[in-house]
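The structure under discussion appears below in the form of structure tokens.
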Amino acid sequence: IANCKRLIGDLDGAQEAIEQALESLEWGTGDCLDEANVLSIYGSLLTDLGNIDEALEVLSAGARDAREVGDRQLQAKLVLQQSSTIGWYEPARGLALARKALRPLEPGVSPHLDLVARYLLMILSCELGEVRQARALFDDWRSSFETQKGHAFWHGRVLHLEAALARQEGDLETCESFLRQLLDHYAERGLQHDLALTTLALGEVLTASPRF
């Protein structure tokens with residue numbers, strides 16, 4: 001319930017549901033696996049609220065719970081959440097966490113997590129100016145991402161990655177093209193926050209373009 005409320009923008013409702021879930025865990029079995037799953041959602045909510053340091057602490061606690069019960073995939077997922085949470089503010093720290101997540105991640109068990117890990121490695125390397133490494137990794141994993149083209153989640157992220165790579169490589173025209181496709185993608189789905197951020201990114205590219 002908490003995650004459903006979070007996804008539709010009812011952050012107050014999500015907070016209330018999380019508090020109820022944590023209280024139920026406290027009075028119930030206190031199962032580490034259940035707690036780790038609740039903390040995963042709580043970390044996402046705190047990130048949405050802009051409480052980054054608290055989100056990292058909560059996700060770290062969830063990763064410890066997952067490790068205690070031997071759930072390596074959930075542990076990796078929670079570390080990847082930490083990477084995504086901090087990566088846009090401190091790319092180097094986010095990249096280190098993405099690499100850390102590879103250790104418990106068992107290849108092939110969760111194709112989605114495999115792609116999340118590689119995406120974070122690529123986009124954060126790109127943010128740090130390590131474009132050749134990011135491009136090489138993308139070329140290695142391109143076919144895996146191509147199979148997800150019909151999935152809105154991955155279609156948007158691949159467009160974002162293509163735009164970021166093109167910009168770092170100095171190809172502003174190609175970057176502009178990908179950003180315009182990304183704007184259409186977000187507009188069709190009513191993702192206003194992402195639409196606003198992409199509009200700002202396009203404005204920066206157009207300002208830097210020699211055509212204007």
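The values are calculated or read from the model by the stated rules, or taken from the named source; none is laboratory data. Please read these numbers as outputs of a predicted model, since none were measured by experiment. Every residue, glycine as well, gets a Cβ built from its backbone with ideal geometry; the counts of neighbours run over all protein chains shown. Quick note on the areas: whole protein, heavy atoms, side chains included, nothing else; ligands and nucleic acids left out. Shrake-Rupley method; radii C 1.70, N 1.55, O 1.52, S 1.80 Å.
Scan region 79-95 for residues that are touching an Asp or Glu at 6+ places or on another chain (Cβ under 7 Å) and either surrounded by fewer than 18 Cβ atoms within 10 Å (Cβ to Cβ) or small (G, A, S) (or both) and report the count.
Summing the residues that are touching an Asp or Glu at 6+ places or on another chain (Cβ under 7 Å) and either surrounded by fewer than 18 Cβ atoms within 10 Å (Cβ to Cβ) or small (G, A, S) (or both) in region 79-95 gives 0.
Got at least one residue in region 61-78 being at positive phi and either surrounded by fewer than 18 Cβ atoms within 10 Å (Cβ to Cβ) or of a type in the set (S, T, N, Q) (or both)?
yes
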- Query: So which residues in region 104-128 are in contact (Cβ under 8 Å) with a residue 12 or more places away in the chain and over 27 Å from E169 (Cα atoms)?
  - Reply: P104, L105, E106, V109, S110, P111, L113
- Query: From the list Y186, Y119, which one is in contact with an Asp or Glu (Cβ under 9 Å, 6 or more places away or on another chain), surrounded by 19 or more Cβ atoms within 10 Å (Cβ to Cβ) and aromatic (F, W, Y)?
  - Reply: Y186
- Message: Report every pair of residues separated by at least 6 positions or lying on different chains whose Cβ atoms are under 6 Å apart, first residue within region 189-212 and in contact (Cβ under 8 Å) with a residue 12 or more places away in the chain and over 18 Å from V158 (Cα atoms), second open to solvent by 60 Å² or more (accessible area, probe 1.4 Å) and not in a helix (DSSP H, G or I).
- Response: L206/F212
- Task: Within region 134-156, identify whether any single residue is within 30 Å of P107 (Cβ to Cβ), open to solvent by 60 Å² or more (accessible area, probe 1.4 Å), of a type in the set (D, E, K, R) and in contact (Cβ under 8 Å) with a residue 24 or more places away in the chain, and answer yes or no.
- Result: no
- Item | Flag for A98 being in a helix (DSSP H, G or I), modelled with pLDDT of 95 or more, open to solvent by less than 50 Å² (accessible area, probe 1.4 Å) and in contact with a helix residue (DSSP H, G or I) (Cβ under 9 Å, 6 or more places away or on another chain) | yes
